[in-house]
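A.B. asks: Have a look at this one.
All of the numbers you see were taken from the coordinates with simple rules; none came from a lab. This structure is a prediction, so every number in the text was calculated from the model and none was measured. Here the Cβ positions follow ideal geometry from the backbone for every residue, glycine too, while neighbour counts run over all protein chains shown.
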Amino acid sequence: MAMVQILHSFSIKKLEMKIAIVNGPNLNLTGHREVDVYGTQSFESFVAELDQTYPKLEIIYLQSNVEGELINFLHQLNEQPDIEGILLNAGAYTHTSIALGDAVAGIGKSVIEIHLSNVFKREGFRQISYIAPSCIGSISGFGMKSYKLGLEYFMNR
Ligand code: DQA
């Protein structure tokens, strides 16, 4: 009983923070595209669900299909001292973009690499990541739960 109370107050304190979710190309189509790979839930509904589950958590959700815009987002987030961490699903740019990898390396924020699908079960080119070496970790293969697992890391570290 006492232990439950301690854990409860701990998590409330940690929930009051700001986290950014940054999604790259084609992730705006999630819920409609390749549903067998990426699932049927849209990001609009997922972010609304997160808002309800964690009312004290401030989530900044950014998505772009443009490589340079994603880099600008990361630079801008880096200027915001109250941002605890970034969950970055760079989509296909994960596997191609040295510039995005350099951006993650160049900012002072903790970044977790996120993928809906298990990229290691897929084509060989998806097993290359230019961002992973600068991330604190990578979460891949749990659908939308990949983001929740990343959030939980930031809430409990
Ligand atoms: C993805 C995996 C990438 O290989 C792919 O290009 C995506 C989505 C994922 O979330 O599983 O667009 O990042």
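A.B. asks: Could you order peptides 81-94, 26-39, 105-118 by the average number of other Cβ atoms within 10 Å of their residues, highest first? Spell out each step's value before the answer.
C.D. replies: Values: 81-94: 20.5, 26-39: 14.6, 105-118: 18.4.
Going from most to least packed, we get 81-94, 105-118, 26-39.
A.B. asks: Still on this model: Might you report the magnitude of the Cβ-based charge dipole of region 3-157 about its Cα centre, with Lys and Arg at +1 and Asp and Glu at -1, to the nearest 20 debye? Numbers along the way, then the final one.
C.D. replies: Working: 12 positive and 16 negative charges, 93 e Å.
Charge dipole of region 3-157: 440 debye, to the nearest 20.
A.B. asks: Explain nothing, just the number: relative contact order of region 17-59, from Cα pairs under 8 Å at least 6 residues apart, as a whole percent.
C.D. replies: On the way: 31 pairs, mean separation 20.5, N = 43.
It comes to 48 percent, rounded to a whole number.
A.B. asks: A follow-up question, please. Rounded, prolate or oblate: which one fits region 29-86, using the alpha carbon gyration tensor with axes a ≥ b ≥ c (rounded when a/c is under 1.5, else prolate when a/b beats b/c, else oblate)? Mind dumping the intermediate values first?
C.D. replies: Working: a/c = 3.43, a/b = 1.27, b/c = 2.71.
Verdict is oblate for region 29-86.
A.B. asks: Continuing with the same structure: For the chain, with the dipole built from +1 on Lys and Arg beta-carbon atoms and -1 on Asp and Glu ones, taken about the Cα centre, which of Ile114, Gln63, Leu27 lies farthest toward the positive end?
C.D. replies: Checked the options; the winner is Ile114.
A.B. asks: Between Gln76 and Ala132, how many nm apart are label points set 7 Å from Cα along the C-beta direction?
C.D. replies: Computed distance between label sites Gln76 and Ala132 equals 3.0 nm.
A.B. asks: If you don't mind, there's one more thing I want to ask. Expressed as a rounded percentage, what relative contact order does region 15-156 have, with Cα pairs under 8 Å and six or more residues apart? Don't skip to the answer; put the middle values down first.
C.D. replies: On the way: 253 pairs, mean separation 36.4, N = 142.
Relative contact order for region 15-156 comes out at 26 percent.
A.B. asks: What FRET efficiency do you get for Ala105 and Leu29 if R0 is 30 Å and r is their Cβ-Cβ distance, rounded to the nearest 0.05?
C.D. replies: Numbers: r = 28 Å, r/R0 = 0.95.
Taking R0 as 30 Å, the efficiency between Ala105 and Leu29 is 0.60.
A.B. asks: With viscosity set to 1.567 mPa s at 4 °C, what whole-number translational diffusion coefficient in µm²/s follows for region 48-157 from Stokes-Einstein and a Kirkwood radius over Cα pairs? Write down the numbers at each step before the final one.
C.D. replies: Values: Rh = 14.4 Å.
Reported coefficient: 90 µm²/s.
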